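*Asks:* I have a structure here, written as structure tokens, and I will follow up with some questions on it.
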Amino acid sequence: MNYSKYTRLALLVGGLALLSGCTRSISNVTSEGKTNAPVFPDKSDAVRAEGSFVNVDNLKQMRHGLTKAQVYELIGVPHFDEGVLHVKEWDYIFNFTMADKSVRTCQYKVLFDSDMKAQSFFFLPENCLTPQATIKPAAVAPVTASPAPVHKELSAESLFAFGSAKLSADGVAQVNQLANELSDDVLSGNQLIVTAYTDRIGKPASNLALSQARAESVKTLLVENGIPASHIITKGMGDAMPRVNCPGKTSPAVIECLAPNRRMTLDIVADRSGK
């Protein structure tokens, strides 16, 4: 029998639900998918104690509101016998190859709300992906380095209403916070590139215009927060460079599936304009 990709995913998740009947919760998760004290299980209790080498690009796509099927598709089945249905936390053991070729192992936790949508994400240790935590300093004289490149990615849903270029209240708060994090040292000699993407729904020309308008909305608020307009470049990419491919006509399910394509990226790069 020839199943589609999404049918196979549904069957796998359903099968895991049958195989993993345990529904324990150890972090006192609220109905909103939050906790003040995440509790990580002992690694010796893991079904897959050796963990896995997670795809880092997939891990970067983890965000609020993902369904369990989407989490499964991005980072795989949890490594502990926690069940699938009605369970509010999934735990993983992830291995990362660091810059010095060493392997770092960390635990990762996803918390779900009462609607079984992902809401909170935790690492143990918290600085798991900080390169300086594992790379030994070279035995040479210190050198003053340029600020490290900055890359942030935000979900369009967290910034705008569907099909709108007006920042939501949550979007305004996120951009204000971003402006507070952009110090003069970070921007000195650099440019901030704000790039917006849409999904495929609608006409390509309209999507391109919407993405450009969204990037301009973010720029306008950054300028209001004191970031010089000359440091900011906006790019509207429309439905280019999709992260996922969700076939079918427009429907709530397709719109939800296409969510990873609706995104905003912010990159700080060296200013090569010569100004």
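Each reported figure results from applying straightforward, stated rules to the coordinates on display, with no laboratory input. Computed from a predicted structure; not experimentally measured. Neighbour counts run over all protein chains shown; Cβ positions are idealised from the backbone, glycine included.
*Asks:* Roughly how many nanometres apart are two label points built 7 Å out from the Cα toward the Cβ at SER31 and THR250?
*Replies:* Inter-label distance under the simple model: 3.4 nm.
*Asks:* Could you state, as a whole-number percent, how many of the C-alpha pairs of segment 27-96 are farther apart than 20 Å? Don't jump to the answer; show the numbers that get you there.
*Replies:* On the way: 754 of 2415 pairs.
Summing the P(r) of segment 27-96 above 20 Å gives 31 percent of all pairs.
*Asks:* Taking amide H positions as placed 1.01 Å from N in the peptide plane, with prolines and chain starts having none, which residues 5 or more places from ILE233, or on another chain, fall under 5 Å of its amide H?
*Replies:* LEU192, ILE193, VAL194
*Asks:* Now for a different question. So which lysines pass the test for LYS109, namely a Cα distance under 27 Å, with those fewer than 8 places away in the same chain ruled out?
*Replies:* The reachable lysines, counting only those whose Cα sits under 27 Å from LYS109, are LYS5, LYS34, LYS43, LYS60, LYS68, LYS88, LYS101, LYS117, LYS152.
*Asks:* Using θ = phi - 60° and the Karplus curve 6.51 cos²θ - 1.76 cosθ + 1.60, what whole-Hz ³J(HN,Hα) does each residue of segment 190-202 get, with Gly and Pro shown as x?
*Replies:* Karplus-based 3J(HN,Hα) across segment 190-202 equals 10, 10, 9, 9, 9, 10, 10, 10, 10, 8, 7, 5, x Hz.
*Asks:* If you don't mind, another one. Which of ILE193, ALA205, VAL172 sits closest to the plus end of the dipole of segment 161-212, meaning its Cα is farthest towards the positive end, when Lys and Arg get +1 and Asp and Glu get -1 on the C-beta?
*Replies:* Comparing the listed Cα positions along the dipole, ALA205 ranks first.
*Asks:* Stick to the Cα atoms of segment 160-200, pair each with every other, and give me the Kirkwood hydrodynamic radius in Å at one decimal. Before the final figure, lay out the partial values.
*Replies:* Details: mean 1/r = 0.0816 Å⁻¹.
In segment 160-200 this quantity evaluates to 12.3 Å.
*Asks:* In a shell of Cβ-Cβ distance under 15 Å around GLY238, excluding GLY238 itself, what net charge do Lys and Arg (+1) and Asp and Glu (-1) give?
*Replies:* Details: positive: ARG200, LYS203, ARG214, LYS235, ARG243, ARG262, ARG263; negative: ASP199, GLU216, ASP239.
Result for the local shell: +4.
*Asks:* How high is the relative contact order of segment 173-237? Use alpha-carbon pairs under 8 Å, at least six apart in sequence, and give a whole percent.
*Replies:* Working: 73 pairs, mean separation 30.0, N = 65.
Here the relative contact order equals 46 percent.
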